[in-house]
Structure formats: C-alpha cells, structure tokens
Amino acid sequence: MEAAESRETQAREYLRKHRIPELLTYLTSSLLFFRPEHPRDYLITILERLRIAKLTGIAFPFYMDNSNIVSMFEMMDPSNRGTISFVQYKEALQTLGLCTPDEVLKDTGRSISLDNFRDEVNKRTEEIYATF
Amino acid sequence: MDATTAPHRIPAEMPQYGEANHIFELMQTMLEQLLIHQPEDPVSFMIKHLNRNNDNVPKIIILGPPASGKTTIAMWLCKHLNSNLLSMQNLIGRELQFMNPEMKRQYLRTKMIPSALLVRLIEDRLEEEDCIKRGWILDGIPETREQALTIQSQGIIPRHVVVLSALDTVLIERNLGKRVDPQTGEIYHTTFDWPPESDIQNRLVVPPGISEMETARKLLEYHRNIVRIIPSYPKILKVISADQPCVDVFYQALTYVQTHHRSNAPFTPRVLLCGPTGSGKSLQAALLAQKYSLVNVCCGQLLKEAVADKTQFGELIRPFFEKQMVVPDSLVVKVLTQRLDHQDSIQKGWVMHGFPRDQDQAHMLDTLGYEPNRVFFLNVPLDSIIERLTLRRTDPVTGERYHLLYKPPPTMEIQARLLQNPKDSEEQVKLKVDLFYRNSADLEQFYKQAITLNGDQDPYTVFEYVESGIINPLPKKVP
C-alpha cells in the first residue's frame, strides 16, 4: 500500500506544480462560453497559442480583462460604496478559479476596494500563467 | 459573484453544448492521460493527445478458459471493429528471431516467457501507430495477477473486459474437437464449426495438447489465476456464457464493447414521453418528477391551468375549449415556452408528455431550443388500452377515481353510483389512438435516438426501464 499512496501524492504534486486544474478549468470555460463547432480543433488552437506565448514571451490573452473585473466589482457593490466585504471578495476569487476553498486569505478587517481587488486578480492570474 | 443574493443564471445553451459534444468525457480522458504519463511539458503533451483523437477506439481484453472460444471471438471482433489483435503467439512471433537462444529454447519448450518481457512486448506494440489509431484487443493476456498488475502500472487500461465462462466438462469435451488451419491460424471444430470449403478441410491439423488430461491441467491453472485477475477490473467486466453457439457469444460481446459506460458528466434530464392515450405517460411522468425532482410538463394540464387562472393566454384558449376544438399549435407553443423558461425547469430538467403530437410540432420545439435529450415511445396494444381506459369510473359523491379491474370500489353501494367520463368511451378512445398512430411514424423518424419500451406491464416495471434509459448513455450507432 505504501507504493500506492506515494504514487497518489506524487500525482497530486504533479497536478499542483503544473497548475493542471486551473488550465483545465480555463479550457472548459472557454469551450462552454464560445461553443465552437469543432471543440477539439478549438482546444488545440488555444493550447498552441499558450505554447507560443510561453516561448516568445508575448502576453497571453487573459480570460478576464480589465473591464470585466470592473463590472464584476460593480455587480458585487450595488450601492456604489466603493468597497466590498471580505466574504464577497473570497467568493469572487473562488468563482474565478483563482483560489481554492481551503486557502486561508488574510482578513485584515478592512473592506476591499476596486484597486485592491483588481491588483489581487491580476497578480494571481499572472502567477498561474507564469507556470505555462 | 454572490451566489446567495443573485443566483447564477447559466444560459441553457451551455449544458446542451456540453452534452452534445461530450466535453466532460473529453476532459476526463485528457486528465487521465496526463496523470498516467506525467509529462514535463503538459501543454505539448495535450496538443499531441488531442491531435490523436483516439478517445473512442476499442480497448478490449478477452479472458477465458481454454476451449472457450477466446481466439475466435477476438478475431471476429477485430474484423468487425477494424482493430488490432494481440495474443501471446503473435507478440512473440515477431520477437522470436531477436531473442537470445536460451530464452528461445525455453519458450519452445514450455510456451511461456517471463512476465516482465511479455509486458515490455505489449507496451512496445501498443506504442505503434496502428494500435494508437485503431485500438487493440488482447486475447488471453493477462494470464496471472502479476501480469495484470504490471500492465496496469504501466498505464495500459482497457475500457471493456469480456470473460467467457462455461462448465469444465463442456470445455474438456469441446477441446477434443479442436482443429487449426496452419495457414490462416483460424480455429475450427469438428462438430460446431466445420469449414465449408474442402481444401481448408484437408489442411486442418490437430493442435498439440488437447487431450483430456492436458485440458484438465490447463483448466486447473486457469481457475487458480482468474479469481485473482477479475478484481482488477471491477466496473468494466462482463461475463458471457461460452456454452452457446459462437454467433450468440459474438453478438453479446459486440453489443457490450460498443456501449459507453455510465459517466460522471453533469446531466439534466430533458425527457419526452410519447405514446397513445392510455399508455401510462402521465403516470410515468409523475413518478419521474417525484423521484428526480424534474418539472412535470403535461401539455393538457398546462392549457387547462391557463384557462382556469384566466391569464392572458387562458382567455385566448378558452373559446377553443368551449367549442371542443383542438388548440392551435402557436398558442400551445407559447404556453409551453413560458413554462420551460422558468429557472426551475432549466436547472432541474423537465419531463414532457402530450406534446409534440406530430412532426411539425416537434420541429417547432427544436427550433425554439428545447430539444429533449431522452425520448421514450411507450408501446401498448390496442386491447390493453381499451381495457385500461373504458373501465375507468368516477364516484360523483367523493370524487374518487376507480378502475373496475385494477382498483375496484370497495362496496356495492359505491359501485352503483359510479359514472363514466364520456371521453373514456370505446369509440372516443379508438379515435384518439388512431390519431396518434397516424403521426407516430413521422415522430419516430424525427427522434432517431428514441427508446421504445413495452408499456403493457405494471407501472413500476416500466418505470425501471425508463430509469435505466435515462441513466445509461445513449447507445452508439453501429457505423
């Protein structure tokens, strides 16, 4: 049983190191969003672009660009106070796939403003794509 | 986003697209391959894997005692599915000249080679182009648990495992009649499978090792090993009795390897029940709605509710009801779309009956985007329908509904005052059934993936058939 357990941990480590779950989530969400006629070819195109982006250093087209982040923030902040609560912030990061439910985020007690939110989302997205 | 204050509204096209293109299974196989091989550069690996496009090629293992007909079945399956056959003989045959002489001598003597070498041979063979493109069928490998485990740890996983079984006495007797054609390698039998052409007949030789003692010895060995191999393939195994004509065994094996297994993909059922009046559609729909929390969309009921609620549509529909005329399609469709657009029917799925009644209505339903993903036709013979419907009675005092055969009223007093609904008279029922059968051929052609069931059984049996039709993936078409 030792060998089986260590292979399992090895597999999990592999998944974490290469950020496979995030990549698969991204691929599945783009498939369902754009609904191309030939899903395989579309997937191949995205993966090729990703590979070229990594080689040549060109910025990879992010799924959520700036205007989307702003709209998301405004949806969570209907009264236009300019800040969102910590719970909302955590939920939003989870929805975007940028943090796992187990991850403990620092609750500084202050509310999160648009700039904080945007910076955090961008930072995490870059972290993920740097792996590819 | 806050899922609590504003619930997520996923557009209905997304799950439909996902189901139609089997996205879940696609991602699942890709992840499986990634985990098995764990390449350093996952992106290039995934590109290569997607380009191969071999998720659906056959990957079959056939196991069974000697004389059960494994090789015959394996060869026939190969020809039919256009795949590659791997057996101990043809794997070794290719390597025979490259093996060192000592191992060659050992092989020719005992017909066995060390497991490690066998697994390596299999691995190399499976890496070749034709196995990747057209799949593979392993005949009689693995023979021992050790081989099974080694194959598994190398990442070679079959999708279907067929185990042939028969009584030992049958097998020993059968083996005595085995004959082999030395040119093609095909196996014939003196009683069961004698070749028609006389030149093949003249060529046949008696293979070595088929005496009773030999067969009994091999059977003992087989029984010892197979018990340990079967647990390695829990959900993909099927046992077929080899004590029947070859053709029957072949067809059972063929149907099995062509079915998909139940997948974990998220699935909202959108079920359509079709059948003549009295076939049990409303009952099945009610059972389904109760068990799986689907929304029960009964066309007639919706229209009656609209009229009773005096809604905008109700006012338009009422004159048709009063004159006992059929409500026009456009109105019906409007009421239906209103119900099907509710958030709960999109999320939970629906079961519909009473609509569409002919091909035009079915077209309309499709173009609006409410395609069902499971369609059932309930077949009930006319006599049963008449029996079911004409014996219905209602008690005017309590409102209870009785059936003179299946749910008779308890006392004579009640029975005396029962009344029959004029719509349940024999002529009316015959009219309605005729109307259905006139349009059913078109409907069956339109819904090609429909499942036909025998509705002439008790309701819970029919319900079980419906359930298995919904839960199991739709059968693959034979190309």
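None of the figures in this text is laboratory data; all of them are computed from the coordinates on show. Quick caveat, the model's predicted, so the values are computed rather than measured. Heads up, the Cβs are rebuilt from the backbone with ideal geometry, glycines too, and the neighbour counts pull from every protein chain shown.
The Cα center of the stretch B:295-334 and the Cα center of the stretch B:202-236 differ in position by 68 Å. Rounded, prolate or oblate, given the Cα gyration tensor of the protein assembly as shown, with a/c below 1.5 counting as rounded? Cα axes put the protein assembly as shown in the oblate bin. Spin-label model, B:D168/B:D130: points 7 Å from Cα along the beta carbon direction are separated by 3.9 nm.
Under 5 Å between amide hydrogens, built in the peptide plane, is the criterion, and for B:V327 it picks out nothing among residues at least 5 positions away or on other chains.
Over 18 Å between Cα atoms: which of B:K104/B:K178; B:K281/B:K310; B:K59/B:K235; A:K17/A:K54 fall into that group?
B:K104/B:K178; B:K281/B:K310
List the longest stretch of chain B that has no exposed loop site; here a site is one of the chymotrypsin sites (Phe, Trp or Tyr not before Pro) assigned by DSSP to anything other than H, G, I, E or B, with at most 15 other Cβ within 10 Å. Walk me through the intermediate numbers first.
Details: sites that count: B:F192, B:Y406.
The segment B:193-405 is the longest one with no such site.
Straight-line cross-link reach from B:K448 at under 18 Å between alpha-carbon atoms covers these lysines, not counting any fewer than eight positions away in the same chain: B:K476, B:K477.
Along the axis of the charge dipole computed for the protein assembly as shown (Cβ charges of +1 for Lys and Arg, -1 for Asp and Glu, origin at the Cα centre), the listed residues B:G209, B:Q152, A:T125 are led at the positive end by B:G209.
Dipole magnitude for chain B: computed about the Cα centre from +1 point charges on Lys and Arg Cβ and -1 point charges on Asp and Glu Cβ, it is near 440 debye. Averaging the Cα positions of each part gives two centres, and for the stretch B:420-478 and the stretch B:32-97 these lie 41 Å apart.
Could you work out how much longer the chain between B:K407 and B:D248 gets when fully extended? Use 0.36 nm per residue separation minus the Cα distance between them, nm to one decimal.
Details: separation 159, 0.36 × 159 = 57.24 nm, distance 4.32 nm.
Gain on extension, B:K407 to B:D248, equals 52.9 nm.
Sort out for me the Cα centre separation of the stretch B:253-284 from the stretch A:11-49, rounded to whole Å. Their Cα centres are 31 Å away from one another.
With +1 on each Lys and Arg Cβ and -1 on each Asp and Glu Cβ, how big is the dipole of the stretch B:188-315 about its Cα centre, in debye rounded to the nearest 20? Display every interim value, and only then the final one.
Working: 13 positive and 11 negative charges, 144 e Å.
Taking the Cα centre of the stretch B:188-315 as origin, the dipole is about 680 debye.
Nearest 5 is fine: what % of DSSP beta bridges in the stretch B:340-479 come out antiparallel, could you say? Please report the intermediate quantities before stating the final value.
On the way: 5 of 9 bridges.
Of all bridge pairs located within the stretch B:340-479, approximately 55 percent are antiparallel.
Rounded, prolate or oblate: which fits the stretch B:57-257 when a ≥ b ≥ c are the square roots of the eigenvalues of the alpha-carbon gyration tensor, with rounded for a/c under 1.5 and prolate only if a/b beats b/c? If you can, show how the numbers build up before the last one.
On the way: a/c = 1.32, a/b = 1.17, b/c = 1.13.
Rounded is the answer for the stretch B:57-257, as its axis ratio a/c remains below 1.5.
How big is the convex hull of the Cα atoms of chain B, per residue, in Å³? Kindly include the intermediate steps, with their values, before the conclusion.
Working: hull volume 115.0 nm³, N = 479.
In chain B, the Cα hull volume divided by residue count equals 240 Å³.
Computed from the C-beta positions of A:S85 and A:F33 and an R0 of 22 Å, the FRET efficiency is 0.20 to the nearest 0.05.
In loop segments of the stretch B:112-178 as defined by DSSP, the GluC sites (Glu not before Pro) with at most 14 further C-beta atoms inside 10 Å of their C-beta are B:E127, B:E128. Rounded to the nearest 5, the antiparallel percentage of DSSP beta bridges internal to chain B is 25%.
Taking +1 at the Cβ of each Lys and Arg and -1 at the Cβ of each Asp and Glu, which of B:Q183, B:T255, A:A11 sits farthest along the dipole of the protein assembly as shown towards its positive end, judged by Cα position relative to the Cα centre? Ranked along the dipole, the leading option is B:Q183. Across peptide B:17-27, the mean count of Cβ atoms from other chains lying within 10 Å of each residue's own Cβ comes to 4. DSSP assigns beta bridges within the protein assembly as shown; of those with both partners inside it, close to 25 percent run antiparallel.
Compute the FRET efficiency between A:R51 and B:M14 as 1/(1 + (r/R0)^6), taking r as their Cβ-Cβ distance and R0 = 25 Å, and round to the nearest 0.05. Before the final figure, lay out each step's value.
Numbers: r = 27 Å, r/R0 = 1.08.
It comes out at approximately 0.40.
Round to the nearest 0.05 the FRET efficiency obtained for B:Q154 and B:I414 when R0 = 60 Å and r is the Cβ-Cβ distance. Efficiency, rounded to the nearest 0.05: 0.25. Amide H contacts for B:I451 (H built 1.01 Å from N in the peptide plane; partners 5 or more residues away or on another chain; cut-off under 5 Å): B:V375, B:F376, B:F377. Mean per-residue shielding of peptide B:41-48 is 6, counting Cβ atoms of other chains within 10 Å of each Cβ.
Filter the trypsin sites (Lys or Arg not before Pro) in the stretch B:248-341 down to the DSSP loop ones having no more than 14 other Cβ atoms within 10 Å, then list what survives. Walk me through the numbers on the way to the answer.
Numbers: sites: B:R262, B:R270, B:K281, B:K291, B:K304, B:K310, B:K323, B:K334, B:R339; in loops: B:R262, B:K310, B:K323.
Here the trypsin sites (Lys or Arg not before Pro) that fit, given the DSSP loop and packing criteria, are B:R262, B:K310, B:K323.
For a straight C-alpha distance cut-off of 12 angstrom, the aspartates and glutamates reachable from B:K218 (same-chain residues fewer than eight places away being disregarded) are B:E143, B:D168.
Within 11 Å, Cβ to Cβ, of B:F267, how many net charges do the neighbouring residues add up to if Lys/Arg are +1 and Asp/Glu are -1?
Numbers: positive: B:R262, B:R270, B:R374; negative: B:E19.
Residues near B:F267 contribute +2 overall.
Here the label points at B:Q106 and B:M213, each 7 Å from Cα along the C-beta direction, are separated by 2.6 nm in the simple model. Using only side-chain charges placed at the Cβ, +1 for Lys and Arg and -1 for Asp and Glu, the dipole size of the stretch B:57-257 relative to its Cα centre rounds to 440 debye. Spin-label model, A:E126/B:N54: points 7 Å from Cα along the beta carbon direction are separated by 4.2 nm.
Which residues in the stretch B:47-73 have a backbone N closer than 20 Å to a point placed 7 Å from the Cα of B:H261 along the Cα-to-Cβ line? Under cut-off, by backbone N: B:54-64.
When the trypsin sites (Lys or Arg not before Pro) in the stretch B:429-460 are filtered for DSSP coil states and for at most 14 other beta-carbon atoms within 10 Å of their beta-carbon, the remaining sites are B:K448.
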